[in-house]
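Any read-out appearing in this document is the output of simple, stated calculations on the displayed coordinates, not a laboratory observation. None of these values were measured; they are calculated from a predicted model. Cβ sites come from the backbone with ideal geometry, for glycine too, and all protein chains shown count toward neighbours.
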Amino acid sequence: MLTRIYAIVKKEFRQILRDNRSLILIFFYPVFMLILFGYALNYDVTHIKIGIYDLEKSELSREFIKTFNSSEYFDIVKYVTSPEEADRSLNDKTVQCVVTIPVDFSKKFYSKENASVQFLIDGVNGNTATIIMNYVNSATLGFSEKVSADILAKEGIRITRPLNIAGIFWYNPDLKTTEFLIPGLIATILMVICVTLTAISIVREKEQGTIEQINVSPVSPFELILGKIIPYIFLAILISILVLILGHFLFGLEIKGRIIYLAAGTILYIIAGLSLGIFVSTIADSMQVAFQLSTLISQLPTNILSGFTFPIESMPPFIQIITNLTPAKFFIIILRSVVIKGTGIEAFWQQYIYITIFALFFLTISMIKTARQRRTV
Amino acid sequence: MNSIEVKNLTKKFGNFTSVDNVSFEVYRGEIFGFLGANGAGKSTTIKMLCGILEPTSGDATVGGFSIKTQSEQVKRNIGYMSQKFSLYNDLTIEENINFFGGVYGLEGENLSNRKKWVLKIANLEGKEKLLTGSLPTGIKQRLALGTAVIHSPNIVFLDEPTGGVDPIERRNFWDLINTLSSEGTTVFVTTHYLDEAEFCNRILLINAGKIIAGGSPKELKENYIKTIILEIECGKTIDALTILEDSNFFGSATIFGNYIHVKLKENDTEENAKDFIVKTLSESKINTSRIDKISPTLEDVFITLLEKKD
Amino acid sequence: MQEIIKISNLKKIYEGGVIGIDDISFSIYKNEMFGFVGPDGAGKTTTIRLLCGLINPTDGNADIMGYDLRKDKMKIKDNIGYLSQKFSLYTDLSVDENIEFFADIHGVKDYKERRNELLQFTRLTDFRKFYAGKLSGGMKQKLALACTLIHKPKIIFLDEPTTGVDPVSRRDFWKILSDLIKEEITIIISTPYLDEAERFNRLALFNNAKILKLDTPAKIRESLHKTVIEIVCNNIRSADKALKENTNYEIQTFGDRLNIVADSFEKDFPVIENILSKNGIEIQDKRIIPASLENVFIHLLKTKKTELQQL
C-alpha cells in the first residue's frame, strides 16, 4: 500500500515541479494578494486633514486639539474662523474634517454635563468618511477618559476604566488594519490554493483518461486520495511560510504565540481545504467546471462568511449559523489568537476540532463517492 | 477547365517546410483523395486551398479563382468540413441549418429548398426540432456535410470526415459523397483510412510535404507494389512465425489472425519462396496447408512507398 | 484449448436505462488474439470495462483466470493490463517516468530491465527522455502499450488502440502485437474497423449490445453463403443506380468498380449483365471475390432488421 501511495506522490511532485507556469502562479498569488490587500486596499486612513473651529479657545480646548496634533492619523492643516470658512474648506477639499469646539466646552465638561464637540466630515467618499468618524470618535473618547481620570485623580477618587471601548481595535491598539487583515488573507490564500489545485489535478486525470489506468490497477480510492493530498500539504505549508515571512517584512507581522499551535492549526486547515478540493473533483468532470466551482466554493465563503472582511457578530442570526460551514472562520480565530494576541491553547482548542470534523466529513464523502463512481459508472 | 490547379505551392513555418513545391490538378466532378500520415502536410494544403492560409510561394486556382489574390471568392465558392467541424450541439437541427444558411447568405425560398435537401440527405426529415447533440456520430457527420454544402458550392473539401465513424455509417457517408460527386460537385477528401481511399477516382500520396505518388487506386497498386506478400496457413502458427523470422529468408513476417504473412525480398520468386516455406516448416514437423499470394491493398502501397523514403 | 475468460450472462444497464451489454456469454482462450468488432455504441467498450473491473455488471458474472469478477477484483487487477481509447498518459512526464509510474502503482520493484526490454520492443529507446506529450500519435500508442505491459499481465485489453493512428503506425502496432502473442499473453482488442478483424484468431461481432456472431474470421466469412461479384465498368455511378433501382442486391461502389453481393455467379450474373446493358453500360471486367467481413456484417444487420420488421 505504501509503495502505491509513494508512487502517486512521486508522480504528482514531478508534475507539480515541471509545470513552471502554474508554480509561478501558485507563489505569485499570495504575494499579489498580500500586496493588494496590504497596500492598495488598506483600510487605514492616515494624515486626515483636520480644520479646527475653536470657539472657546480655553486651556481645555487647546488640550483637546493637541490630541489630534500628536497622532499620525491627523494633520491639523488650518484654523477656521467662521462657519462659512469651515464649509468652504470642506468643499474645496483643503480639509477632510472640521472639528467645532463650542463656546461652553470647558464649562459643560467640568460640570459633568455632556460636552458635545461637532465634527463636520467630507462625506463624498462614504467609506473614508466612516473611517474618519471612527478615528475622531475614538480620539475624543480617549481624550475624555484621560482628562476625566486626571480630574478625578486630583480629587482623590480612583476609577476603574471601562474596558474595550474601542471594540474591535482592542488587540490592534495602533489601529493597524494590515496586521488585522493578515490572518484572513492567509486563510483565503490557503483555501483557494488547496481547493483549486487538488480539484484540478484530479479532474485533469479524468479529462486525460489517466484515471482509468489507475482504476484498473490495484490502487484503491483511499490510496489515490492520500497520494494526491500529500504533495499539496507540502506545497501549502511552503506557501504558509512564505506568507508569514512576507507579512513580517512587508507589514512587521510578529507571531506572538507558540509556533507549534500555529503549525497544527495550519496543517489541519490545509487538509480541510484539500478535502474540499477532492470533493469538488468528484462533482466536476472538466477542468473548466472544476476551476469555476473551486473558486466559488473557496473564495466566496472564505472572504465573506469567515469574519475576514465582515464581522460575524453583525450578521443576521441565520447567516451566523451558516458561517460555521466555512473552516476559515475557525482558522482565523486560531490565527488571531496565536499570531496577534499570543494567547494559550485554551482560547482556541475547539477550533481544531471544528476544522478536523470539516476535513473528515469531506474526505469521507469523497472516498465514498469515488468508490461508488468506480462501481456504477 | 480543372476544378483545382496547384502550381509549385509551398508553405514554410519558420524553418519548417510543411508543403514543399507541390503541383497537381483535380478534375471537375471527381472524388480526389489526398492521403498522408499525420503531419505530412495534408491540413496545411487544404487550408491554403480554402483561402484561409497564405502560401509562402506558388499559387493555386480553386474554381478558377487564385488563392493568393482572390481568396474571398474562393471562400464563397467552396464548402469545407472536417472531423472537428462541429455543429452546435445545443441548437436544434433546423437552427443549425438556418445558421449556416445565413452564414452563406441564403434566405427565403432558396434557404427552405436547401434546408429540405440537407434534411433529406442526412435522413433527418421530420426531425428538425431534435437537438443536434442527441444525434449519433454518423448522422451528425452527414448533417455536417449537408450544412457544409448548403450553398451548393462547386468544390467541397472534406478533411478526415469519417474519423470515429463506424463502418456502416462510413459507407452511408461515402454514398453521400458519391451522390455529391454525381451531381457534379468536385470532392477533395483527406483520410488516413486507406480502405476508404479505394472509393476515390484518383489519389495523391503526400509525405513530409512532398508528393510521393499519384494515380487511380488500381494504377498505384500496379505501379508501386513489386514485392510479393504470401499468406501461409499452417499448424503451430506462433512457432512457425519464429522459425520463418529466424530464417532471414523474408523481408518481414507477421502473424495475421490465424495465418502468417511474409513479405518476400525484392528479387525472390513466388515459387521459390513457397518451396522454401514448405521445406523449412516440415523440418520442424509443422504442416503447411495453404500458401496464397495476397493481392496488395493501398495500405501496402502506402507503406512500401514510405519505407522506401526512409 | 484452455479457457482464460469465461463470461456468463453478463449484463450492464446504465443509470437512465441505457443498455450497455445485454446478456452475453462466451469464452476466450489462452494466448488468443480475440477481437471485439462492431460500430460505436455496440457494447464493445462496456464489455471491456466490465471485464477490467472498471464498472460493475448489473447481472451475470465472469471468471477470469479462475478468479470471480465480482469477488476477486483485486486479484484480477494484478493480472491484467488495460489500454483505454485515449491512450491515457501523463503528457508532462517523460517516457521513462510514465513507465516507472505504472510499475510503481503495480508494485513492480525491479522494473528497470523490463522497461529497457519494452522500450526496445516498441522502438522507443531513443525517445526515453522525451515528454509523452511531445510524441507522435503512433508513439504515444506504443508507450501506452508499454505501460500496460510493465507488470507482465497475463491478459491485456486494448480498447480501439488503432483509432486515429496513421497507417504506418498502425502496421507497426500490429507487428508489435504479433510479437507479443509469442509471450503467451492473451490479447483482447476492440475495433470499429472490419478490415482489421482479419487479424484476430477469433472475433465477436457486436451490435446493439448483443453479439451477432462469434467465430474465426474464415468461418464467419464462409457463413455468408453468398458470392461477391466484382465488376469493372465505364460508368460506375449509373451502374450502381440502375442496379439499386432494379434489384435487391447489396452493392458497394469503389472509385473504379462495383462489388455486388449475390447468391451465386451462375444465377445472378446474367441478371446483372442484362440490367447494365439495358442502361447502356459496358462491363469491362468481372470476377468473383471472397466475401469480406464487412459484407457479412452488413448482411447480418440487414437480415436482423427484416426479422424485426416481420415480428
Starting from one equal scatterer on each C-alpha and no solvent at all, send me the Debye-based log10 I(q)/I(0) for chain A at q = 0.07, 0.13, 0.14, 0.15 Å⁻¹, two decimals. -0.45, -1.04, -1.15, -1.26
For n ≥ 4 DSSP H runs only, could you compute -39500 (n - 2.57) per run for chain A, divide by its residues and tell me the 222 nm figure to the nearest 500? -21500 deg cm²/dmol
Measure up B:Lys263/B:Lys308; B:Lys129/C:Lys302; B:Lys221/B:Lys279; A:Lys10/C:Lys109; B:Lys127/C:Lys210 against 21 Å on the Cα-Cα distance and list the ones that go over. B:Lys129/C:Lys302; B:Lys221/B:Lys279; B:Lys127/C:Lys210
Each residue of C:192-199 has, on average, a number of other protein chain C-beta atoms within 10 Å of its C-beta equal to 5
Using a 7 Å offset from the Cα along the Cα-to-Cβ direction at both B:Glu72 and A:Met315, what is the distance between the two label points in nm, to one decimal? 5.9 nm
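By DSSP, what percent of the beta bridges with both residues in chain A are antiparallel, rounded to the nearest 5? Walk me through the numbers on the way to the answer.
Details: 4 of 14 bridges.
If I count the DSSP bridges inside chain A, around 30 percent turn out antiparallel.
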Can you give the relative contact order of the stretch C:79-162 as a percent, counting alpha carbon pairs under 8 Å and 6+ residues apart? 57 percent
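Go ahead and run the numbers for FRET between C:Thr216 and C:Ile13, Cβ-Cβ distance against an R0 of 30 Å, rounding to 0.05. Walk me through the numbers on the way to the answer.
Values: r = 31 Å, r/R0 = 1.04.
For C:Thr216 and C:Ile13, the calculated efficiency is 0.45.
Let me spell out the model: positive unit charges on the Cβ of Lys and Arg, negative unit charges on the Cβ of Asp and Glu, origin at the Cα centre of chain B. What dipole size does that give, in debye rounded to 20? The partial results should precede the final answer.
Values: 35 positive and 41 negative charges, 137 e Å.
It works out to roughly 660 debye.
Does the stretch C:153-211 classify as rounded, prolate or oblate by the C-alpha gyration tensor (a ≥ b ≥ c root eigenvalues; a/c under 1.5 gives rounded; else a/b over b/c gives prolate, otherwise oblate)? Don't jump to the answer; show the numbers that get you there.
On the way: a/c = 1.92, a/b = 1.17, b/c = 1.64.
Cα axes put the stretch C:153-211 in the oblate bin.
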Looking only at Cα atoms, what is the convex hull volume of the stretch C:225-290 per residue, in Å³? 74 Å³
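Let me know the shape class of chain B, please: from the alpha-carbon gyration tensor, a ≥ b ≥ c as square roots of the eigenvalues, rounded when a/c is under 1.5, otherwise prolate if a/b is greater than b/c, or oblate.
Details: a/c = 2.99, a/b = 1.80, b/c = 1.66.
Judged from the Cα gyration tensor, chain B comes out prolate (a/c at least 1.5, a/b above b/c).
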Hydropathy at least 1.6 by Kyte-Doolittle, axial extent at least 20 angstrom from the Cα trace: which helices of chain A, defined as entire DSSP H runs, fit? A:20-35, A:221-251, A:259-283
Please work out whether the stretch A:260-327 counts as rounded, prolate or oblate from its C-alpha gyration tensor, where a ≥ b ≥ c are the square roots of the eigenvalues and a/c under 1.5 means rounded, while otherwise a/b larger than b/c means prolate and anything else oblate? oblate
Once the dipole of the protein assembly as shown is set up from charges on Cβ (+1 Lys and Arg, -1 Asp and Glu), the residue from the list A:Thr370, B:Gly163, A:Leu268 lying farthest towards its positive end is A:Leu268
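Once you have the Kirkwood Rh of chain C from its Cα pairs, apply Stokes-Einstein at 37 °C and 0.692 mPa s and quote D in µm²/s.
Numbers: Rh = 21.7 Å.
Translational diffusion coefficient: 151 µm²/s.
State which entries of B:Lys11/B:Lys75; B:Lys140/C:Lys77; B:Lys293/C:Lys182; A:Lys228/C:Lys73; B:Lys7/C:Lys142; C:Lys226/C:Lys286 exceed 27 angstrom in Cα-Cα distance in the structure shown.
Result: B:Lys140/C:Lys77; B:Lys7/C:Lys142 exceed 27 Å.
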Cα-only Debye scattering, the stretch C:140-185: base-10 log of I(q)/I(0) at q = 0.28, 0.31 Å⁻¹: -1.21, -1.37
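Among A:Met367, C:Met74, rank each residue by its count of other Cβ atoms within 10 Å, from fewest to most, as a rough exposure measure. Provide the component values of the computation, followed by the final result.
Working: A:Met367 19, C:Met74 11.
Taking fewest neighbouring Cβ atoms as first place, the list is C:Met74, A:Met367.
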Among C:Ser27, A:Ser89, what is the fewest-to-most ranking by other Cβ atoms within 10 Å? C:Ser27, A:Ser89
Using the Cα centre of chain C as origin and beta-carbon charges of +1 (Lys, Arg) and -1 (Asp, Glu), tell me which of C:Ile272, C:Leu158, C:Ala62 is placed farthest towards the positive end of the dipole. C:Ala62
I'd like the per residue volume of the convex hull spanned by the Cα atoms of the protein assembly as shown, given in cubic angstrom. 244 Å³
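Magnitude of the Cβ-charge dipole of the stretch C:3-221, K/R +1 and D/E -1, about the Cα centre, nearest 20 debye?
Working: 34 positive and 31 negative charges, 32 e Å.
Roughly 160 debye for the stretch C:3-221.
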May I ask for the net charge around A:Thr343, where only other residues with Cβ less than 14 Å from the Cβ of A:Thr343 are counted and Lys, Arg are +1 while Asp, Glu are -1? +3
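Please state, as a whole number in µm²/s, the translational diffusion coefficient that the Stokes-Einstein equation yields for the stretch B:226-309 at 25 °C and 0.890 mPa s, with Rh defined as the Kirkwood radius across alpha carbon pairs. Please report the intermediate quantities before stating the final value.
On the way: Rh = 13.0 Å.
Answer from the Stokes-Einstein relation: 188 µm²/s.
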Can you tell me the length gained on complete extension of the stretch C:Lys30 to C:Lys278, counting 0.36 nm per residue apart and subtracting the Cα distance? 83.7 nm
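Would you calculate, for chain C, the mean residue ellipticity at 222 nm contributed by helices, counting each DSSP H stretch of 4 or more residues as -39,500 (n - 2.57) and dividing by all residues, to the nearest 500? Present the calculation step by step, with values, prior to reporting the outcome.
On the way: 10 runs with 112 residues, N = 311.
Mean residue ellipticity at 222 nm (helix-derived): -11000 deg cm²/dmol.
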Return the lysines within reach of A:Lys57: Cα separation strictly under 27 angstrom, same-chain partners fewer than 8 residues apart disregarded; answer none if there are no such residues. A:Lys49, A:Lys66, A:Lys78, A:Lys93, A:Lys107, A:Lys108, A:Lys112, A:Lys146, A:Lys154
Where does the charge balance sit around C:Ile283 when Lys and Arg score +1, Asp and Glu -1, over other residues with C-beta under 14 Å from its C-beta? -3
P(r) histogram, all alpha-carbon pairs of the stretch B:115-249 included - 10 Å bins from 0, percent: 10, 31, 24, 18, 11, 6, 1
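R0 = 25 Å: FRET efficiency of A:Ala264 with A:Phe361, Cβ-based, nearest 0.05?
It comes out at approximately 0.85.
How long is the gain from C:Glu113 to C:Asn56 if the chain were fully straight, where each residue apart is worth 0.36 nm and the alpha carbon distance is subtracted? Could the numbers behind the result be given before it?
Working: separation 57, 0.36 × 57 = 20.52 nm, distance 3.56 nm.
Separation in residues times 0.36 nm, less the Cα-Cα distance, equals 17.0 nm.
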Which values of log₁₀ I(q)/I(0), to two decimal places, follow from the Debye formula for the stretch C:40-117 at q = 0.14, 0.23, 0.24 Å⁻¹ with a uniform point scatterer at every Cα? -0.61, -1.11, -1.14
Determine, from the Cβ-Cβ distance of A:Met133 and A:Glu85 and an R0 of 22 Å, the FRET efficiency 1/(1 + (r/R0)^6), rounded to the nearest 0.05. 0.50
Once both label points are put 7 Å beyond Cα along the C-beta direction, the A:Leu55-A:Trp349 separation in nm becomes 5.9 nm
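Count, for each residue of B:29-36, the Cβ atoms from other chains sitting within 10 Å of its Cβ, then give me the mean as a whole number. Could the numbers behind the result be given before it?
Details: counts 0, 1, 1, 1, 1, 0, 2, 2.
The mean count of partner-chain Cβ atoms within 10 Å per residue comes to 1.
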Looking only at other chains, what is the average number of their beta-carbon atoms within 10 angstrom of each beta-carbon in C:90-101? 4
Determine, for B:Tyr27, C:Tyr90, the number of other Cβ atoms within 10 Å of each Cβ, and report the residues in order from fewest to most. B:Tyr27, C:Tyr90
